[in-house]
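Beneath this line is the structure, given in structure tokens, with notes to follow.
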Amino acid sequence: MKDLDSPKKAYENAISLINDNKLSLAKAQLLEILKIFPNELNSIVLIIDISIKQNDPSEALIYIHQGLKINPNSIELLEKEIQIFLYQDKKYEACKKFKELLKIKPDISLLRQLSNILVELDKEEEADDVIQEFLESNTTYSNLYKGIRHAKAGRVKLAEEVYKNILKEDPENVDALRLLGILATKGGKYKIAEQLLIKAIKLAPSYSLLWRNISLVYRLSGQLDKAQKSMDNILALDPKNASVWADYGTILIMMARYKEAIVAYSRCVSIKPDSPRAYLSLGHAYNTIGNNERSVEAYINAIKYNPNSGESYWSLANLKTYEFTSKQIKDMENTLMSDISENEKVQLLFALGKAYEVKKDFKTSFKMYSEGNWIKRKLVKYSSQDNTDKINQTIKFFNKNTVKKLKQSKCKELDPIFILGLPRSGSTLIDQIISSHSMVDGTQELPNIMNLTREIEALGKGKEAYPQFLTKLSEMQISELGQKYIDQTKWSRGQAPYFIDKMPNNFLHIGFIKTILPNAKIIDTRRGAMDTCFSCFKQFFAKGQHFTYDLEDLGLFYNDYINIMNHWHDIYPEQIYTVKYANMISDTENEIIKLLEYCNLPFENQCLEFYKSKRPVKTPSAEQVRQPIYKSGLDYWKNFENDLIPLEKLFNEHIEK
């Protein structure tokens, strides 16, 4: 390369070698160029392409980062980096890069790809926020953002007017259709919402948020048959699209139609066997309906097609009955050393914690749980002080005088039975017992109460409006909130006169529940402080429950929980029933009789044989509640006693440990 033309000739020679599939020789030629011209970007891009073809994503990333140092705004390099992260199933890293790319290339199709990934990660709110930020910062979409501002401020008619004007100019504007559909949904105009969202789906069938939006419409309006038909129509157009079958399965899961979801996911993997995400979802669905063998098989297939999937290993561990082989443990430990995302690493550590726990190597088990929790704690935003402040504010508001002044709801329905408490406190067991009764429909952890509190925030124009804004609501508004809860939960239940809402975090909202649904039954599940907190500490939660990733946060949260529950019992005496896990284990029949009496339910023998129930169970205790009651869960924390001394010190003598 003595003359000026030699780099060009070397580059052309490298391209010729690539075309002849002599990739290693081409790479050697390009590396020679970079020795003399280290900033020669075209050569770097070709090396990246060769590394990808040679299935060496780690090397490709090294050269991508080298290229980005030369040109940080290279769209081509950022797109390649995103593709590699998605190939490695590093969705969190891919999201970060999508956000960087959108600043340079503000393209609506890229935005939708990002929102799809966020939806896959169960970050639907963030997906909406990202879209709003994009629309705000791009003048091309200023009218859409104007509509969003009106909607957020409660100026619904002005928002509708903005979206309708956009659609007059551009009838196929997917975002205007979606946002107008969301407004219609919030206003209870489900027919209009359905029409708008179906039109948007026809225009952008791979836009995940649209499917989430329309599934909400169908759930709220009870139109499950229409959901089936609309999906059938799309699949009729493209029956061999594996990703559409996977999306269909996800929608069916959201609608609690697990057996149909299994069929959909199975079709997906039959079309495209290399679908680790679909196998993972298939495993979750089988676990929900109690088919442990098929669930294990699906999770192992997910690992086969993505050996770095911490989520798949954790899903096996989360069955609570699975025992890892020595080879699987070694594979997990080796995977930990590889280049995987923090979230996958966390789930692998939790899986290893469970693996060593089963082997009764409690010291190593605790080490793995601790490392996993420490990494996860750094990834989440949580403040124990903020939680304590929120609890104290709620206690201060719902005093006896204020409760007397609040308008009385005319919604006197007896249907709902709320089972609440801390996670891992035995609530799934109580749910399984009561829902085994012929007069009760078991549902799932319903988000409706929390959604209604957000409506209060919207009415009061700010998060600080709840619960204070309740004092400004009329009797009619209070009653409408109660009726809205009853109507919005109909999709999840059958024909039984009673149904269970098992959202554990509803304990914060008991005052609100008793205000809008004065006849609702409320069951407070209690387990010893140490067993509850440690059980949470060794549980990786798919979303939320950010207080569980640190022992001190856990102890303080438990104290806050006891504090507010004592307050609720004082404000609503004889209206809240406390079930103690230890009592249920030691005196099962008498405890079940008392529990059913509180619910005004006649005794039925199948409540004693709850473990024979075939109903779907989505919580981490799914396998455990399909077995007869056992006592091994009592004082289990003592196997880890020396490591849990800091937690134990947080509880005073008045708290049952």
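For the chain, take the longest principal axis of its alpha carbons; what is the angle in degrees between that and the long axis of helix 326-336, to the nearest 10 within 0 to 90? Taking Cα atoms only, the helix is inclined about 70 degrees.
Do you know the relative contact order of the chain, to the nearest whole percent, from alpha carbon pairs under 8 angstrom that are 6+ apart? Over the chain, the number comes to 11 percent. Treating each Cα of the chain as one equal point scatterer and applying the Debye formula with no solvent, the log10 of I(q)/I(0) at q = 0.07, 0.12 Å⁻¹ comes out as -0.53, -1.49. Based on the Cβ-Cβ distance from Ser142 to Lys400, what FRET efficiency comes out when R0 is 60 Å, to the nearest 0.05? Once rounded, the FRET efficiency stands at 0.75.
What the phi angles of the range 104-116 give under the Karplus curve with 6.51, -1.76 and 1.60, with θ = phi - 60°, is a coupling list of 8, 10, x, 10, 5, 5, 5, 4, 5, 4, 4, 4, 4 Hz, glycine and proline written as x. Model label sites at Glu589 and Asn605, defined 7 Å from Cα along the beta-carbon direction, differ in position by 1.2 nm.
Accessible area per residue for the range 246-379 is 42 Å², calculated with a 1.4 Å probe on protein heavy atoms, without ligands, DNA or RNA.
The modelled label-to-label distance for the pair Lys157/Ile62, using points 7 Å beyond Cα in the direction of Cβ, is 6.6 nm.
Phi angles across the range 195-201 convert, under the Karplus curve 6.51 cos²θ - 1.76 cosθ + 1.60 with θ = phi - 60°, into 3J(HN,Hα) values of 4, 5, 6, 5, 4, 5, 5 Hz, Gly and Pro given as x. Between Thr321 and Glu169, the C-beta separation translates, for a Förster distance of 56 Å, into a calculated FRET efficiency of about 0.45. Residues whose amide H comes within less than 5 Å of that of Ile522, counting only those at least five positions distant or on another chain, are Phe418, Tyr577 (H built at 1.01 Å from N in the peptide plane). Checking the cross-link pairs Lys123/Lys612; Lys99/Lys146; Lys80/Lys105; Lys327/Lys378; Lys330/Lys502 against a 26 Å limit on the alpha carbon distance flags Lys123/Lys612; Lys327/Lys378; Lys330/Lys502 as lying beyond it. Measure nothing fancy, just the Cα-based angle from helix 258-271's long axis to the longest principal axis of the chain, in degrees from 0 to 90, nearest 10. So the inclination is approximately 10 degrees.
If each residue of separation counts as 0.36 nm, what is the full-extension length gain between Asn566 and Gln83 once their alpha-carbon separation is subtracted? Working shown, then result.
Numbers: separation 483, 0.36 × 483 = 173.88 nm, distance 5.24 nm.
Length difference between fully extended and current span is 168.6 nm.
Across the range 52-144, Cα-Cα pairs more than 15 Å apart make up 60 percent of the total.
Rg then Dmax, both in Å and based on the Cα atoms of the range 287-355: 11.3, 35.
Assuming R0 = 35 Å, can you tell me the calculated FRET efficiency for the pair Lys543 and Glu574, based on Cβ-Cβ distance, to the nearest 0.05? Computed FRET efficiency for Lys543 and Glu574: 0.50.
Take each of the peptides 344-356, 258-270, average the number of other beta-carbon atoms within 10 Å over its residues, and list them starting from the highest.
Ranking, from highest mean packing down: 344-356, 258-270.
Model label sites at Ser206 and Lys103, defined 7 Å from Cα along the beta-carbon direction, differ in position by 2.7 nm. The angle between the Cα long axis of helix 208-221 and the longest principal axis of the Cα atoms of the chain comes to about 20 degrees, rounded to the nearest 10.
Sequence-ordered 3J(HN,Hα) estimates for the range 30-46 from the Karplus curve with 6.51, -1.76 and 1.60 and θ = phi - 60° stand at 5, 5, 5, 4, 5, 5, 8, 10, x, 9, 7, 5, 4, 5, 4, 4, 5 Hz, glycine and proline given as x.
Computed extension gain for Ile329 through Asn292, at 0.36 nm per residue and net of the alpha carbon distance, reaches 11.3 nm. Its residues counted as N, the range 403-448 yields a C-alpha radius of gyration over 2.2 N^0.38 Å of 1.47.
Please report the carbon-and-sulfur percent of the accessible area for the chain; probe 1.4 Å, protein heavy atoms only, DNA, RNA and ligands left out.
50
The values are calculated or read from the model by the stated rules, or taken from the named source; none is laboratory data. These numbers come from a predicted model, not from an experiment. Here the Cβ is made from the backbone with ideal geometry for all residues, glycine too, and neighbour counts use every protein chain on show. Keep in mind that these areas ignore ligands, DNA and RNA; they rest on the heavy atoms of the full protein, side chains included. Shrake-Rupley method; radii C 1.70, N 1.55, O 1.52, S 1.80 Å.
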